Structure formats: structure tokens, C-alpha cells
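Data first, discussion second: the structure below is written as C-alpha cells.
The values are calculated or read from the model by the stated rules, or taken from the named source; none is laboratory data. In this text, all values refer to a predicted model and were calculated from it rather than measured experimentally. We place every Cβ from the backbone using ideal geometry, glycine too, and count neighbours over all the protein chains shown. Surface areas here come from the heavy atoms of the whole protein model, side chains and all, with no ligands, DNA or RNA. Shrake-Rupley method; radii C 1.70, N 1.55, O 1.52, S 1.80 Å.
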Amino acid sequence: MAKKNSELVAEVHKMKDAEIGIELKRLRERLYELRTQSVTEKIEDPSQFTKVRRQIARILTEENARKQKKATA
């Protein structure tokens, strides 16, 4: 069963700064793999593009919120 949006957001909030960087790198590599796969062969689940991009956006949003919080503190 797929995780709901609120569960994904809560999971990102729990991550430490180093974990966020690692996860962001992993997701960007996954997106690159999907793009490469789309050129060389047929993709089984094209909705993976959207899912990965949204996960990247969630992580970047959390990362920026933490940077702003540190800047104002």
C-alpha cells in the first residue's frame, strides 16, 4: 500500500540534515535512471516520474525551511 502525503511529509520532517542530502541525491539519481530508461526501453510505470519529482520537491521545501529557520535564529 502506498504512503499517504501526510506520512511522506512527516517522514521528511524526521530526517536529519545529512539524511536529507543523501535522500535528495538518491532521488535525483533515480530520476536520471528513469529518464535514461525512457530513452532506451519502455518504462513499466510512467507515473514514477511524477512521484520522484514530488518527493524531490518535498525534500527541497523542507531543506529551504530549515535554512530560513537557521537564518532567523
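If only one of Glu23, Glu29, Glu19, Glu7 is surrounded by 13 or more Cβ atoms within 10 Å (Cβ to Cβ), assigned to a helix (DSSP H, G or I) and among the acidic types (Asp, Glu), which one is it?
Details: Glu29 fails: surrounded by 13 or more Cβ atoms within 10 Å (Cβ to Cβ); Glu19 fails: surrounded by 13 or more Cβ atoms within 10 Å (Cβ to Cβ); Glu7 fails: surrounded by 13 or more Cβ atoms within 10 Å (Cβ to Cβ).
When all the criteria are applied, what remains is Glu23.
Does the range 33-46 include one or more residues that are outside any helix (DSSP H, G or I) and β-branched (Val, Ile, Thr)?
yes
Quick one: would you say Val52 is at pLDDT below 90 and surrounded by 13 or more Cβ atoms within 10 Å (Cβ to Cβ)? Before the answer, list the steps.
On the way: at pLDDT below 90: no; surrounded by 13 or more Cβ atoms within 10 Å (Cβ to Cβ): yes.
Here the answer is no, as Val52 does not meet what is asked.
Could you tell me which numbered condition Gln68 fails, if it satisfies all but one of (1) in contact (Cβ under 8 Å) with a residue 40 or more places away in the chain; (2) open to solvent by 100 Å² or more (accessible area, probe 1.4 Å)?
The failed condition is (1).
With over 16 Å from the mean Cα position of the chain (by Cα) and not small (Gly, Ala, Ser) as the only criterion, which of Lys25, Lys51, Lys70, Lys4 stands out? Before the answer, list the steps.
Working: Lys25 fails: over 16 Å from the mean Cα position of the chain (by Cα); Lys51 fails: over 16 Å from the mean Cα position of the chain (by Cα); Lys4 fails: over 16 Å from the mean Cα position of the chain (by Cα).
Going through Lys25, Lys51, Lys70, Lys4 in turn, just one is over 16 Å from the mean Cα position of the chain (by Cα) and not small (Gly, Ala, Ser): Lys70.
Could you please give the count of residues in the range 1-47 that are of a type outside the set (A, V, I, L, M, F, W, C) and either touching a residue at least 60 places away in the same chain (Cβ under 8 Å) or in contact with a Lys or Arg (Cβ under 8 Å, 6 or more places away or on another chain) (or both)?
Total meeting the criteria: 2.
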